[in-house]
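Undergrad: For reference, the structure I am asking about is given below.
Rule-based calculations on the coordinates, nothing more; no lab input. All of these numbers come straight from a predicted model, not from anything done at the bench. Neighbour counts run over all protein chains shown; Cβ positions are idealised from the backbone, glycine included.
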Amino acid sequence: MPKLNINEVEHVANLARLEFSEQDKIKLTEHLVEILDYIDKLNELNTDDVQPTSHVIPVKNVVRPDKVKPSLKKEAALSNAPSNVDNLFEVPKIIE
Amino acid sequence: MELCHLAAHDIHHLLVKREVSSVEVTESVFRQIDKVEDTINSYIMLDRVKALNKASEVDKKISAGEKIPHLAGIPMAIKDNMCTNGLLTTCGSNILNNYIPPYDATVVKKLREQDVVIIGKANMDEFAMGSSTETSYFGITRNPWDTNTVPGGSSGGSVTATTAGEAICALGSDTGGSIRQPASLCSVVGLKPTYGRVSRYGLVAFASSLDQIGPITKDVTDSALLLNAISGRDEMDSTSVDLPVPDYTKSLINDIKGIKIGIPEEYFVDDGMDPEVNQKVRDAIDLLSKLGAECEDVSLPTTEYGIADYQIISRAEASSNLARFDGTRYGYRAENAESLMNMYKKTRSEGFGPEVKLRIMLGTYALSTGYYDAYYLKAQKVRTLIKNDFDKAFEKFDVLVTPTSPTTAFKIGEKTDDPLTMYLSDIFTVNCNMAGIPGISIPCGFSSSGLPIGLQILGKPFDEETIFRVSYTFEQNTDYHSKRPNI
C-alpha cells in the first residue's frame, strides 16, 4: 500500500481546499501515515467475492410526485450569506 | 428531589394532575444551569426567554383543560448539529459560528408540534467528530460525575445536560457511537435507532450512510416516548424508511423470559479494556439470565476491523459532505481573499479545527484518483462482511449484549494528541452504525472510583421494541438509572 509523503499531503490539501503551515504539514503527515498503517489491517480480509455495501437499507430510487410546492423564500435563503448583492450570493471576482 | 432531576414521564403526570407547572419545571432546570453550567459547559447557547414563553403557553393549555402530548412542557436540549429555525446552530464549529437556520430539522419540527420546551443547543465535538467533546470551538464539556474527566462524545453536551439536570432529556446524533458512548460514560440512556427510522433532514451531515438521530434520557420509558415522537418516514429524507411506527411504550414490559441473548466474545477483550467494565457487564448478563433470558456466546469475527473500516467510510463521506462549507452561502468567510479559490482555502482553513481537517484530508485521500479501489471500495466490501456477521447472529438471537465503551470516562486531555487512541474508544459502538442496526446504552453500574459503566444492547433492524423490552426489564430490576451525580 502506498504511504503518504509531504508532497502528496499538499496535493490532497489542494483537492480539499485546505492550507496548512509547514509545521502543521509535518504533524498531519505523521497522523495520516499512522492512521493509514492502521487501516492496512483491512487487507488481512479476503474480499475478492464480496459485494460492496454503500447503504444498509434496501432503498432504491425514491421518487415523489413532480408537483410545484413552496420552497425557501429568497430572503431566507440569502439571510446567512456573508455577502449578497441584488438577491445573489457575492464572491470575489472569478474572471478578469 | 428537584424537578430538574425527574424523568419526562414523571413530569408529564405531575403536569396533567396540575401538581406542578411547566414554568416551574423550566425554572428548576434554569436554576440548575445557573449552578453548574460554568463548570460543565453543556450548552453552546441558551434560549431562556423563548423557553419560558413556551412553558407558560403549555400551562395555559393545561389550565384550559386541553389534553397535552407526552412531551409537552418538557425542557429539552438539542444537539447543536440539528437546525432550529431562528436559533443559532453552530455544529460546534467556527465555520458556522453565526449560522441561524431559516428552517427546522424534521425532528425539531416534530418536537415543536408536541410543545416541547427547547432550552438551548448542546455542545458537541466539532461536526460530531470526536469521542470526548474536546474538539468544540466553544470549549470542552466536563463529565458531571468527575469534572476532571471527559463526558464522552460527540453528543457530550446533550448527555451532561440530561445527567446533571440541565435538561430533562435531549436529542443527540450517532455516527459511530456518539449517543451511546457518552451515555455510557455519564450514566444515562442513549439510543441509536435503526438507520432510516428517524429523518435526518436538517441534521448537519457528517457521514450520511451512518448518521442517525436518537433520544438521550434518564430512563428507558423516556427513551420510548421520545422515539415515538421523532420516528417515521419523511419526504424530506429519501433514506427515511416507510414502515409503520409502533407505540414503543407498549414494549416497556418487565419480562424477558425466553428472550435469546447473544454475547459476542470479541467484545470482551483483555487488551485495552478496563477489568471493572468487563466485570460489571458480566454481572449484568448474569442478571439478565436470572430474569429468564437465554444467554449464549456468539462470535462476530470482523469486530476488530470496525474502526479501520469506519475510518475510511466516515471520512470519505465527511470530506464530501463538508465541501459545502466554503464561505459562499452561509457561515464564516475569511477576510481579504484575493480570489475565489483563495477565499475557499482561507475560509476552510480558518473555519475548521484540526480534527475536522485531519478527517477531511483522510477522506479526500481515500477518494482521490488511484486510491479509490484500495481504500473506499475495499472498505465498502468489509462493511458487507461486518453486516453479514450481525445478520448471521440475528438468525439465532433476539439481541446482542456487550459493553458500550471499553473504559470508563478518561481524563481530559489524555487522548487529544493521539487520534488513533481516541478513535479506538468507539471500538464497541461503530459496527452498529456500519450495519445500520439499532443499539442502546443503559446504565449498568459504577467503577470503584464512582464512574459510570454502560451496557450496550444491539437489536435487529427496526426491532427497537425488543431492545426496549430487555432494557426496561434490566432497569426495573436495578437502580443504577436513578443515581445522579453529586454536583
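Undergrad: Per q in 0.22 1/Å, what log10 I(q)/I(0) does a Debye calculation on the alpha-carbon atoms of segment B:28-88 return?
TA: Reported log10 I(q)/I(0), two decimals: -1.03.
Undergrad: I would also like to ask the following. Find the relative contact order for chain A and round it to a whole percent, using C-alpha pairs within less than 8 Å whose residues are 6+ positions apart.
TA: Once normalised by length, the contact order is 17 percent.
Undergrad: Quick one: Karplus J couplings for segment B:199-206, per residue in order, coefficients 6.51, -1.76, 1.60, θ = phi - 60°, nearest Hz, x for Gly and Pro?
TA: Listing the rounded values in order: 4, 9, 4, x, 8, 4, 6, 10 Hz.
Undergrad: Say each of B:Asp247 and A:Val68 gets a label point 7 Å from the Cα, pointing the same way as Cα to Cβ; how far apart are those two points in nm?
TA: 4.3
Undergrad: Now for a different question. With the Cα gyration tensor of segment B:1-133 giving a ≥ b ≥ c as the square roots of its eigenvalues, does the rule (a/c under 1.5 for rounded; else a/b larger than b/c for prolate; else oblate) give rounded, prolate or oblate?
TA: prolate
Undergrad: Going through the cross-link list B:Lys50/B:Lys357; B:Lys35/B:Lys67; A:Lys3/B:Lys192; B:Lys17/B:Lys60; B:Lys218/B:Lys250; B:Lys260/B:Lys483, which pairs have a Cα-Cα distance over 25 Å in this structure?
TA: B:Lys50/B:Lys357; B:Lys35/B:Lys67; A:Lys3/B:Lys192; B:Lys260/B:Lys483, as the Cα separations exceed 25 Å there.
Undergrad: With no solvent and one equal point scatterer placed on each C-alpha of segment B:157-283, evaluate the Debye formula and give log10 I(q)/I(0) for q = 0.14, 0.15, 0.16 Å⁻¹, two decimals.
TA: Debye output, listed in q order: -0.75, -0.85, -0.95.
Undergrad: Also: How do B:Met434, B:Met45 line up, fewest other C-beta atoms within 10 Å first?
TA: Sorted ascending by nearby Cβ count, the order is B:Met45, B:Met434.
Undergrad: What ratio of Cα Rg to 2.2 N^0.38 Å holds for segment B:55-102?
TA: Relative to the 2.2 N^0.38 Å estimate, segment B:55-102 comes out at 1.59.
Undergrad: While we're looking at this one, here's another question. Among rounded, prolate and oblate, which fits the protein assembly as shown when a ≥ b ≥ c are the square roots of the eigenvalues of its C-alpha gyration tensor, a/c under 1.5 means rounded, and a/b larger than b/c means prolate?
TA: oblate
Undergrad: State the three equivalent ellipsoid semi-axes of segment B:251-297, derived from the C-alpha gyration tensor as the square roots of 5 times its eigenvalues, in descending order and whole Å.
TA: Each semi-axis is √(5λ); the values are 24, 11, 8 Å.
Undergrad: Take B:Cys169, B:Cys4, B:Cys295 and order them by how many other Cβ atoms sit within 10 Å, fewest up front.
TA: Ascending Cβ contact count within 10 Å gives the list B:Cys295, B:Cys4, B:Cys169.
Undergrad: What's log10 of I(q)/I(0) for segment B:331-377 at q = 0.22 Å⁻¹, Debye sum over Cα points only, no solvent?
TA: Taken in order of the listed q values, log10 I(q)/I(0) reads -0.78.
Undergrad: Still on this structure: Along Cα→Cβ, 7 Å out, is where each label goes; now give me the distance between the ones at B:Gln279 and B:Glu414 in nm to one decimal.
TA: If labels sit at B:Gln279 and B:Glu414, their model points lie 1.7 nm apart.
Undergrad: I've got another one for you. Under Stokes-Einstein, with the Kirkwood radius over Cα pairs standing in for Rh, what whole-number D in µm²/s applies to segment B:226-309 at 4 °C and 1.567 mPa s?
TA: D = 79 µm²/s.
Undergrad: Please report the orientation-averaged projected area of chain B, defined via the convex hull of its C-alpha atoms, in nm².
TA: It is 21.8 nm².
Undergrad: Return the Rg/Rh value of segment B:342-487, two decimal places, where both radii are evaluated on C-alpha atoms and Rh is the Kirkwood radius.
TA: Rounded to two decimals, Rg over Rh is 1.06.
Undergrad: Taking chain A as a Gaussian network, Cα atoms linked when under 10 Å apart, which of A:Leu36, A:Leu18, A:Leu72 shows the biggest mean-square fluctuation?
TA: Ranking A:Leu36, A:Leu18, A:Leu72 by mean-square fluctuation puts A:Leu72 first.
Undergrad: Right, another one. Sort chain A into rounded, prolate or oblate with this rule: let a ≥ b ≥ c be the square roots of the eigenvalues of the Cα gyration tensor; rounded if a/c is under 1.5, and if a/c is not under 1.5, prolate when a/b is larger than b/c, oblate otherwise.
TA: oblate
Undergrad: Here's a follow-up. Quick one: compute the contact order of chain B, relative version, from alpha carbon pairs under 8 angstrom and 6+ residues apart, as a percent.
TA: Result for chain B is 18 percent.
Undergrad: When a footprinting reagent is the concern and you count Cβ atoms within 10 Å, what order do B:Met1, B:Met273 take, fewest first?
TA: Exposure proxy ranking, most exposed first: B:Met1, B:Met273.
Undergrad: Would you mind computing Rg(Cα) / (2.2 N^0.38 Å) for segment A:42-96, counting N as its residues?
TA: Scaled against compact globular proteins, the figure is 2.23.
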